[in-house]
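Written below as structure tokens is the structure these notes are about.
We did not get these values from a lab; they are worked out from the coordinates using the rules stated. Please read these numbers as outputs of a predicted model, since none were measured by experiment. Using ideal geometry, Cβ is built from the backbone for each residue, glycine included, and neighbour counts are taken over all protein chains shown.
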Amino acid sequence: MKGTTLLAELAPVELAGAAAKKSGARTSVVALTAPHEVVFKILADIEALPRWAGGFCEMVYLDLGSWRGLTVLGELWLELEINAHEGKICVAGGPAVGRFTASGVAGAASC
């Protein structure tokens, strides 16, 4: 899996597998030895989404200035909401630009 490759690059020390089903979301917890800034920078790059979320998103591309992704839910418009101060990244996706459902990726559990 592509996401596993990225985690290997960041030297995980603990992978608590967790597929916690919570409102349709899958949550995984991992402890990394890489510095917070390095991990956050990778997660905050929408082009890296397939590298760390390969089980969800296989590819992303620009379409008329907005991001689209080929996901397990089909083709979705994608957007990241990033708050470096809080250490929070939200991935939002939907069938059209502006019609998104957000999911917390880092930091707080909800966006």
Report task. Search the structure for amide H atoms under 5 Å from the amide H of MET59, placed 1.01 Å from N in the peptide plane, and list their residues when 5 or more places away or on another chain. Result -> LEU70
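Within 15 Å, Cβ to Cβ, of GLY65, how many net charges do the neighbouring residues add up to if Lys/Arg are +1 and Asp/Glu are -1?
Charge balance near GLY65 sits at -2.
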Report summary line: Calc'd 3J(HN,Hα), region 76-89, phi into Karplus 6.51 cos²θ - 1.76 cosθ + 1.60 (θ = phi - 60°), Hz, glycine/Pro = x, comes to 10, 6, 10, 8, 10, 10, 10, 10, 5, 4, 8, x, 10, 10
**Report entry** region 59-95: GluC sites (Glu not before Pro) in DSSP loop, at most 14 other beta carbons within 10 Å
**Finding:** GLU86
Requested in this report: Report the local net charge at LEU80: Lys and Arg +1, Asp and Glu -1, summed over other residues whose C-beta lies under 11 Å from its C-beta.
Outcome: -3
